[in-house]
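Single-structure report; data block below.
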Amino acid sequence: MLALASMVLVAIYLLAVQTAPGQALENAALRGADQVSADDEAQAWNSLGMITVWSLAIATATVGIIGVLRRKYLLAVVAVGTIVAGQVITQSLKRFILPRPELVPVVGDFTGNSFPSGHTTIAMTVFVAVLLVVPFRFRGLAMFVVMSWAVAIGAYTVTAKWHRFSDTLGADMVALIVGALAALVLFRAGLIERVDSRPRLRVIYVVAMALSGFVALALGTFIAAFTVGSDLRDSVIEWDAYLAANSLTFGCSVLAGLMYWGSWRRLQVR
């Protein structure tokens with residue numbers, strides 16, 4: 001998973017940021033987001049506005065406290081480190097390492113580099129950390145609450161025009177990378193054990209999310225293919241590009257979350 005996530009991170013950056021067609025299509029999606037309803041835009045902004053330095057600190061502290069209360073001190077450190085490392089990697093890539101060349105005409109806030117998405121990284125790494133630190137019997141509940149929220153945050157960043165689809169996919173991959181490294185640390189410490197349990201409600205949630213994720217990916221891919229070769233300045237095509245980006249963002253976040261859950265299926269930290 002570590003190698004796969006790293007390759008996808010590099011590939012999506014090269015295709016979406018370092019090519020003119022990639023930039024043009026994603027900028028069209030941002031313009032298409034101007035057509036969303038006022039209620040949808042307000043919901044996106046309100047949800048994203050709840051992610052602040054203080055809320056991130058509280059979430060991180062909560063993860064650490066859960067680990068300490070379980071007397072699993074290395075797990076607490078690793079889980080907290082997952083959230084922190086995710087932000088260090090994302091902000092370093094976005095602000096200092098990865099350039100965004102001006103390959104297509106663009107003005108305003110769209111000119112700066114936004115890859116990867118900081119908000120999506122926060123949401124997905126919090127999900128990863130919670131999945132690591134909660135007891136196995138509560139993992140299904142944690143997935144229902146935290147994963148559902150994390151997936152929504154990624155989609156909201158596109159609706160609010162804070163980020164492009166590639167930004168959110170890049171953030172998903174950052175979360176998988178730090179999550180894989182966290183699992184590696186715990187494995188080498190000899191703290192991972194198998195659990196002979198298969199909670200039915202958790203399976204139902206996973207199946208439902210998997211189906212919704214695949215449907216979103218199929219829909220997004222179909223719409224995106226329709227926009228290729230079209231006039232990206234046409235308002236209808238811009239709306240189609242937005243719908244494709246939003247669907248792909250949702251689908252990729254779902255699959256990234258399920259991929260990490262799958263790597264821990266019937267496993268827990270002892």
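The values are calculated or read from the model by the stated rules, or taken from the named source; none is laboratory data. For clarity, every value in this text was computed on a predicted model and none was experimentally measured. Glycine also receives a Cβ, built like all others from the backbone with ideal geometry; neighbour counts cover every protein chain displayed.
Condition (residue is farther than 29 Å from H119 by Cβ, of a type in the set (S, T, Y) and without any contact (Cβ under 8 Å) to a residue 40 or more places away in the chain) applied to the range 222-232: is it met by at least one residue?
Scanning the range 222-232, I find at least one residue that is farther than 29 Å from H119 by Cβ, of a type in the set (S, T, Y) and without any contact (Cβ under 8 Å) to a residue 40 or more places away in the chain, so the answer is yes.
How many of the residues making up the range 52-67 are of a type in the set (V, I, T), in a helix (DSSP H, G or I) and over 20 Å from A183 (Cβ atoms)?
Residues meeting the conditions: 4.
Looking only at the range 107-130, decide whether some residue is within 18 Å of A183 (Cβ to Cβ) and small (G, A, S).
Scanning the range 107-130 turns up at least one residue that is within 18 Å of A183 (Cβ to Cβ) and small (G, A, S).
For P101, which of the numbered conditions (1) outside any loop (DSSP other than H, G, I, E, B); (2) farther than 23 Å from F138 by Cβ fails to hold?
(1)
So which helices (runs of 4 or more DSSP H) are wholly in the range 124-216 and hold at least 1 residues that are surrounded by 14 or more Cβ atoms within 10 Å (Cβ to Cβ), hydroxyl-bearing (S, T, Y) and at negative phi?
Ranges flagged: 148-159, 165-188.
Condition check ((1) over 21 Å from the mean Cα position of the chain (by Cα); (2) at pLDDT below 95) across all residues:
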position	(1), (2)
M173	no, no
R202	no, yes
M209	no, no
G229	yes, yes
A241	no, no
T249	no, no
S253	no, no
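Taking L232 as meeting all but one of (1) part of a helix (DSSP H, G or I); (2) surrounded by 12 or more Cβ atoms within 10 Å (Cβ to Cβ); (3) not polar (S, T, N, Q), write down the number of the exception.
Single failed check for L232: (1).
Can you find, within the range 85-102, the residue that is farthest from V68 (Cα to Cα) among those that are surrounded by 15 or more Cβ atoms within 10 Å (Cβ to Cβ) and not hydroxyl-bearing (S, T, Y)?
Checking each candidate, the answer is R100.
When both residues are 6+ apart or on different chains and their Cβ atoms are under 8 Å apart, which pairs have a first residue that lies in the range 235-252 and is farther than 11 Å from L30 by Cα and free of Cβ contacts under 8 Å to residues at least 12 places away in the same chain, and a second that is of a type in the set (F, W, Y) and in a helix (DSSP H, G or I)?
Once the first residue is farther than 11 Å from L30 by Cα and free of Cβ contacts under 8 Å to residues at least 12 places away in the same chain and sits in the range 235-252, no partner that is of a type in the set (F, W, Y) and in a helix (DSSP H, G or I) comes close enough.
Here is a yes/no grid of residues against (1) farther than 30 Å from T227 by Cβ; (2) surrounded by fewer than 14 Cβ atoms within 10 Å (Cβ to Cβ):
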{"position": "Q23", "(1), (2)": "no, no"}
{"position": "V80", "(1), (2)": "yes, no"}
{"position": "V104", "(1), (2)": "no, no"}
{"position": "G112", "(1), (2)": "no, yes"}
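Restricting attention to the range 16-39, does a residue exist that is part of a loop (DSSP other than H, G, I, E, B), in contact (Cβ under 8 Å) with a residue 12 or more places away in the chain and of a type in the set (A, V, I, L, M, F, W, C)?
Looking through the range 16-39, at least one residue is part of a loop (DSSP other than H, G, I, E, B), in contact (Cβ under 8 Å) with a residue 12 or more places away in the chain and of a type in the set (A, V, I, L, M, F, W, C).
Please verify whether the range 248-264 includes one or more residues that are over 20 Å from V145 (Cα atoms), assigned to a helix (DSSP H, G or I) and either of a type in the set (A, V, I, L, M, F, W, C) or in contact with a Phe, Trp or Tyr (Cβ under 6 Å, 6 or more places away or on another chain) (or both).
Yes, that holds for at least one residue.
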